[in-house]
C-alpha cells in the first residue's frame with residue numbers, strides 16, 4: 001500500500017481517538033519504554049517532542065521517566081534548520097528554552113542550547129503514523145528522519161513509537177527508507 005494512503009488513514013484514526021483512549025495508549029507506550037530501556041547501556045537518547053493538538057505520543061512522560069531512571073542519560077531533541085529538510089540536535093535540560101516551530105512543535109532555541117553530533121546518539125525514538133511487520137514506517141512525509149538516521153552511527157538503535165499495532169499490509173518502500181530496529185506500541189515491543 002502506498003504511503004500517502006497509509007498517512008491519510010492513520011492521521012484520521014489518531015484524530016478519532018478520544019482523550020481517555022489517548023491517555024491509555026500513552027500509558028502503555030510509557031510502560032513498554034520502561035521495559036525497553038531496562039538493562040540497556042544508553043547514554044544519549046534522541047526524543048522527538050509532540051506536536052501541539054495532534055494527538056501525538058506524549059514523549060514528555062518518557063523524558064520524565066528517563067531523567068529519573070538514570071540522571072546521567074543525555075536527552076536530545078531536534079530542531080529543523082529553517083528553509084531545509086535537515087535537523088540539528090540539542091541537549092534537552094530543564095533550562096532549555098523551547099520555541100514552537102511553524103508546525104507547532106516545540107524546538108530548542110539554538111542560541112541558548114548545546115548542539116550535539118548525531119554520532120553521539122545511542123538510540124533514536126522515531127515518530128510515525130503507521131508501520132508494517134517488516135519494520136518500515138510511514139511518517140508525515142517530510143523525510144526528516146530518513147535524512148537524519150544515516151548521520152548516526154551504524155549501531156544506533158532505531159526505535160519507533162506507535163499509537164497503533166503493526167498493519168498487516170506492507171508499506172510501499174523507497175530506496176531511502178530506513179527500517180526500524182524496534183517499535184514500541186501500547187501493547188508490546190517488537191524487534192525486527
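Per-structure values
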read-out: Modelled label reach - residue 187, point 7 Å along Cα→Cβ, segment 142-173 residues with backbone N closer than 20 Å; value: 160-171
read-out: Residue order, fewest to most beta carbons within 10 Å, for 1, 87; value: 1, 87
read-out: C-alpha center-to-center spacing [segment 118-135, segment 69-95] in angstrom; value: 15 Å
read-out: Stokes-Einstein D for segment 1-50, Kirkwood Rh over Cα pairs, 37 °C, 0.692 mPa s (µm²/s); value: 242 µm²/s
read-out: Global form of the chain, assessed from the alpha-carbon gyration tensor, a/c cut-off 1.5; value: rounded
read-out: Distance between modelled label sites at residue 99 and residue 13, nm, 7 Å Cα→Cβ extension; value: 3.7 nm
read-out: Residues 177, 38 arranged by fewest to most Cβ contacts within 10 Å; value: 38, 177
read-out: Nitroxide proxy distance, nm - points 7 Å out along Cα→Cβ at residue 115 and residue 41; value: 3.0 nm
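Read-outs: derived from the displayed coordinates by stated rules, not from any lab. Here the structure is a predicted model, which means the values were calculated and not measured. Note: ideal-geometry Cβ built from the backbone for every residue, glycine included; neighbour counts use all protein chains shown.
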